[in-house]
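Single-structure report; data block below.
The values are calculated or read from the model by the stated rules, or taken from the named source; none is laboratory data. Computed from a predicted model, the values in this text were never measured in an experiment. Neighbour counts run over all protein chains shown; Cβ positions are idealised from the backbone, glycine included. Heavy atoms of the whole protein, side chains included, go into the accessibility calculation; ligands, DNA and RNA do not. Shrake-Rupley method; radii C 1.70, N 1.55, O 1.52, S 1.80 Å.
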Amino acid sequence: MSLFFKKFLGFSMGPIVGSFISFITIPLSTYFISPDEYGKGTMFTLFQSLIITFLYLGLDQSYTREYHETKDKESLLKNAMLLPLILSLVVFILICLNLNFFSKVLFGSPDFTLATILFGLTINLLVLERFILLSIRMEEKAFEYSILNILLKLGVLISTIIFVLFIRRDFLAVVYSTVYGQVIADLYLIFRYRNLINYRFFHINISLIKKMIKFGTPLVISSILFSLLQTLDRIYLRLLSDFYEIGLFTAALKISNLLLIIQTSFVTFWVPTAYRWYSQNKEIKYYEFISRVVLLFMSLLLCIILLCKEYITILLGHEYTDIKYIIGFLCLYPIMYTLSETTTLGITFSRKSYYNLWVSFLALIPNMFLNYLLIPSYGAIGAAIATGTSYILFFIARSYFSNKLWEGFKTKIHITVSATLFTMSFINTQDFNHINFINILFTVIIILIQTPTIKKLVKIYKGKEKEEWNFS
């Protein structure tokens, strides 16, 4: 158990420190930049995430799936990275040849050509960054992986400080600080691990690439659909509302992403661990226990955020006060996604990745409907409700299909806690006088529901069931 936690803490250090750095960056941006300008700036990263998801072709996930079954790890990495690199270069050329068009798509005006060029450049760098970090992650070099993630976040923070204090305070400050921070950090990453991307003596393995594409192709579509699920809220806000609502929504989303401390830490650590456990034929009780512990900690974190929401809004500035009504629903995204990583293993282990398409559709279609229905009347609150609801459906669908393909485990307690969190988040969209008392009551209920998990965790931690559990 100590080795298990040691690796988890190693992978957690980067996301924890990185999230702390991001937490400093958020109020620094919102204090100097108005919600409507902040909303414009976030469209840059929104389109970036949509494009980059397609460029991976699912080969990043194919790489992690084949890692423990391939002897030549370096060849596997280069074969997996080849097509995404070529595609990212093609996209960069297309952007450079049509600067005015892409500038208008990104920023609503053809005049921001420099920012558009930087957009194309960062896409290429993000592909390299993704695969280099994946290589370090799959080798389970926990502390090295964490240090590199901290450097990436630190680059953005330093760049943000320079721009908002000394250069400019509009949406381009958000864009340039993100880009320059990312570029500096990625150039260091590429230089340090240049051997991983040295194709000088590379031999292409067509059969391996075909095998990875076969596994990754359904993931491309499902990843694009998932990216739409992540971004449709802001797209609908752009179409049906205004930049002010986008700015509020994005600021709240960034606060809720503090839960990504756990999500990123856990998923980074969990994926290689789960594959290794599967190859070792670990009993299902191990997967179930980890899933319930994740549920416990993530649900309690949401309770803490809702209990402290008044203090959180103070940090962002008076113009962002209304985010306290939407933060609960937006926290359901990292909670349900992280939880689903513990219940979706059957899809991954069986290699039947096409089930992810059904998962994405079952979450995306209600998301589209709810955004269209709620945003015109309720703005950012409507978008938040649509997002939170969709991610609960995402978790249910992932769990259902996984259990069809694998022995799996019961998720009744997961559904019960999720329904309680949903109700709690909905109540927090209203301005009740005694909202903190209500939140405390819900926190007690959530703890009572998960009492068996707490008791089991204490016993294992104290070593009372040492012979029964082996987490190595």
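Some values worked out for this structure:
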{"quantity": "With every protein chain in place, the chain: carbon and sulfur % of accessible area (1.4 Å)", "calculated": "66 percent"}
{"quantity": "Qualifying trypsin sites (Lys or Arg not before Pro) for the range 170-221 [loop in DSSP, other Cβ within 10 Å: at most 16]", "calculated": "Arg200"}
{"quantity": "The chain: relative contact order as a whole-number percent, Cα under 8 Å and 6+ apart", "calculated": "21 percent"}
{"quantity": "Neighbourhood net charge (15 Å Cβ-Cβ; Lys/Arg +1, Asp/Glu -1) for Ala397", "calculated": "+2"}
{"quantity": "Residue-normalised accessible area of the chain, given per residue in Å² at a 1.4 Å probe", "calculated": "44 Å²"}
{"quantity": "Per-selection Kirkwood Rh - the range 281-400 (Cα, Å, 1 d.p.)", "calculated": "15.9 Å"}
{"quantity": "Local electrostatic count, Leu208, Cβ distance below 14 Å [Lys/Arg +1, Asp/Glu -1]", "calculated": "+3"}
{"quantity": "Diffusion constant of the range 182-242 at 37 °C, which comes from Stokes-Einstein with the Kirkwood Cα-pair radius and 0.692 mPa s, µm²/s", "calculated": "211 µm²/s"}
{"quantity": "The range 140-243: chymotrypsin sites (Phe, Trp or Tyr not before Pro) in DSSP loop, at most 10 other beta carbons within 10 Å", "calculated": "Phe201"}
{"quantity": "By accessible area with a 1.4 Å probe, ligands and nucleic acids excluded, highest first: order of Leu357, Leu240", "calculated": "Leu240, Leu357"}
{"quantity": "18 Å tail of the calculated P(r), the range 213-352, as % of Cα pairs", "calculated": "64 percent"}
{"quantity": "The range 457-462 - phi-based ³J(HN,Hα) in whole Hz, Karplus 6.51/-1.76/1.60, Gly and Pro as x", "calculated": "4, 5, 4, 5, 5, 7"}
{"quantity": "Normalised alpha carbon radius of gyration of the range 48-129 [divisor 2.2 N^0.38 Å]", "calculated": "1.30"}
{"quantity": "Residue-wise HN-Hα coupling along the range 380-397, computed from phi with Karplus coefficients 6.51, -1.76, 1.60 (Hz; x: Gly, Pro)", "calculated": "5, 5, x, 5, 5, 4, 4, 5, x, 4, 5, 6, 5, 5, 4, 5, 4, 5"}
{"quantity": "For the chain, with +1 on Lys and Arg beta carbons and -1 on Asp and Glu, the positive-most of Asn403, Ile93, Val174 along the dipole", "calculated": "Asn403"}
{"quantity": "Ellipticity estimate at 222 nm from DSSP helix runs (n ≥ 4, -39,500 (n - 2.57)) divided over the chain, nearest 500", "calculated": "-27500 deg cm²/dmol"}
{"quantity": "Restricting the range 392-423 to trypsin sites (Lys or Arg not before Pro) in coil, as DSSP defines it, with at most 10 other Cβ within 10 Å", "calculated": "Lys410"}
{"quantity": "Nitroxide proxy distance, nm - points 7 Å out along Cα→Cβ at Phe201 and Leu441", "calculated": "7.1 nm"}
{"quantity": "Computed E for Tyr311/Tyr278 - FRET, C-beta separation, R0 45 angstrom, nearest 0.05", "calculated": "0.60"}
